[in-house]
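K.L.:
Mind looking over this structure? Questions follow.
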Amino acid sequence: MEQSTRRDAAPGSEWAQHQSVRIDTRKHPVSIGHGSVLHADVTISATNGPVAIGRYCVLDDQCTVENKLPPRADGTPQTLVVGDYCVLGPRSEMLGVSLGRGSALEAMAVVGSGCHVGDGCTVMATCRVPPHTDVAESTVVYGRDAQWRSV
C-alpha cells in the first residue's frame, strides 16, 4: 500500500496523521476532512470505491476503514462515508456504507459491509453490527449479543 504523507485533503483543509498511517488510493480516492486526526497504524483502503472521512474525526490506533462494497447496479462504485465528528476506537473496523455524524465505534467494534449507521450512534466495545444492517439514529449497540437500544 502507498503511504500518504499529504496533509491537505482539500483546498484550505488541514488534518494530522501519525507516520505509520496507511492510506491505499491505488484504485479510488480517499478524502479526509479538515481537523481530523489519524493515530498510529490506521489503515484506510479504497479497494472497491472511494472513502470519505468527515471533518473533526478521530481514527484511533490500529483502526481500519475499508471500502469492500460491491458496485451499484449501473456499475459505479459506492462511497464509504464516515460523517463529521465521528470517533473510531482502537482496533475498530468500519466496512459499512455510512457512519452517521457524531457516531462512535468503541475499541474493537465492527460495522459489517453494507451497513448504514445513523447519526449519534455508539457501537460499544467488541460489538459487531452484522452485514447489511441499518442502525437508526441515536442507537446504542451493546452487550455480548449486540443488543440495540434507542436513546
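The values are calculated or read from the model by the stated rules, or taken from the named source; none is laboratory data. Since the model is a prediction, treat every value here as computed from it, not as a measurement. Note that each Cβ is placed from the backbone with ideal geometry, even for glycine, and that neighbours are counted across all protein chains shown. Note: accessible area is taken over every heavy atom of the protein model, side chains too, but ligands, DNA and RNA are not part of it. Shrake-Rupley method; radii C 1.70, N 1.55, O 1.52, S 1.80 Å.
K.L.:
For the subset of region 118-151 comprising residues that are touching a residue at least 24 places away in the same chain (Cβ under 8 Å) and of a type in the set (D, E, K, R), which member is most open to solvent (accessible area, probe 1.4 Å)?
P.N.:
GLU137
K.L.:
OK, next. From the list ARG26, ARG22, which one is more than 16 Å from SER98 (Cβ to Cβ), surrounded by fewer than 18 Cβ atoms within 10 Å (Cβ to Cβ), at pLDDT below 95 and touching a strand residue (DSSP E or B) at 6+ places or on another chain (Cβ under 8 Å)? Even if it seems obvious, please write down each step before you answer.
P.N.:
Details: ARG26 fails: touching a strand residue (DSSP E or B) at 6+ places or on another chain (Cβ under 8 Å).
Criteria check complete, one pass: ARG22.
K.L.:
Scan GLY75, GLY89, GLY35 and give me the residue that is closer than 18 Å to SER20 by Cβ and out of contact with any Pro (no Cβ under 9 Å at 6 or more places or on another chain). Please lay out each step first, then the result.
P.N.:
On the way: GLY75 fails: closer than 18 Å to SER20 by Cβ; GLY35 fails: closer than 18 Å to SER20 by Cβ.
Answer to the check: GLY89.
K.L.:
It is to be established whether one or more residues within region 80-96 are at pLDDT 95 or above, in contact with a Phe, Trp or Tyr (Cβ under 9 Å, 6 or more places away or on another chain) and open to solvent by 40 Å² or more (accessible area, probe 1.4 Å).
P.N.:
yes
K.L.:
Also, I was wondering about something else. Looking at region 85-105 only, could you name the residues that are of a type in the set (D, E, K, R) and touching a strand residue (DSSP E or B) at 6+ places or on another chain (Cβ under 9 Å)?
P.N.:
Taking region 85-105 as the starting set, the residues that turn out to be of a type in the set (D, E, K, R) are 91, 93, 101.
Passing the criteria: ARG91, GLU93.
K.L.:
Got a number for residues in region 40-75 being open to solvent by 20 Å² or more (accessible area, probe 1.4 Å), assigned to a loop (DSSP other than H, G, I, E, B), among the hydrophobic types (A, V, I, L, M, F, W, C) and closer than 22 Å to GLU14 by Cβ?
P.N.:
Qualifying residue count for the region: 1.
K.L.:
Note down all Cβ pairs under 7 Å where the first residue falls in region 25-48 and is touching a residue at least 12 places away in the same chain (Cβ under 8 Å) and of a type in the set (D, E, K, R), the second is open to solvent by 10 Å² or more (accessible area, probe 1.4 Å) and in a loop (DSSP other than H, G, I, E, B), and they're at least six residues apart or on different chains.
P.N.:
Once the first residue is touching a residue at least 12 places away in the same chain (Cβ under 8 Å) and of a type in the set (D, E, K, R) and sits in region 25-48, its partners that are open to solvent by 10 Å² or more (accessible area, probe 1.4 Å) and in a loop (DSSP other than H, G, I, E, B) give ARG26/GLU2; LYS27/THR47; ASP41/SER20; ASP41/ASP61; ASP41/GLN62.
K.L.:
Those residues that are in contact with a Gly (Cβ under 6 Å, 6 or more places away or on another chain) and part of a strand (DSSP E or B), I need them from region 76-98; list them, please.
P.N.:
Residue satisfying the conditions is VAL82 alone.
K.L.:
Take GLN3 and tell me if it is closer than 21 Å to VAL110 by Cβ and either polar (S, T, N, Q) or modelled with pLDDT under 95 (or both). Talk me through it step by step, then tell me what you get.
P.N.:
On the way: closer than 21 Å to VAL110 by Cβ: no; either polar (S, T, N, Q) or modelled with pLDDT under 95 (or both): yes.
Judged against the criteria, GLN3 is not a match.
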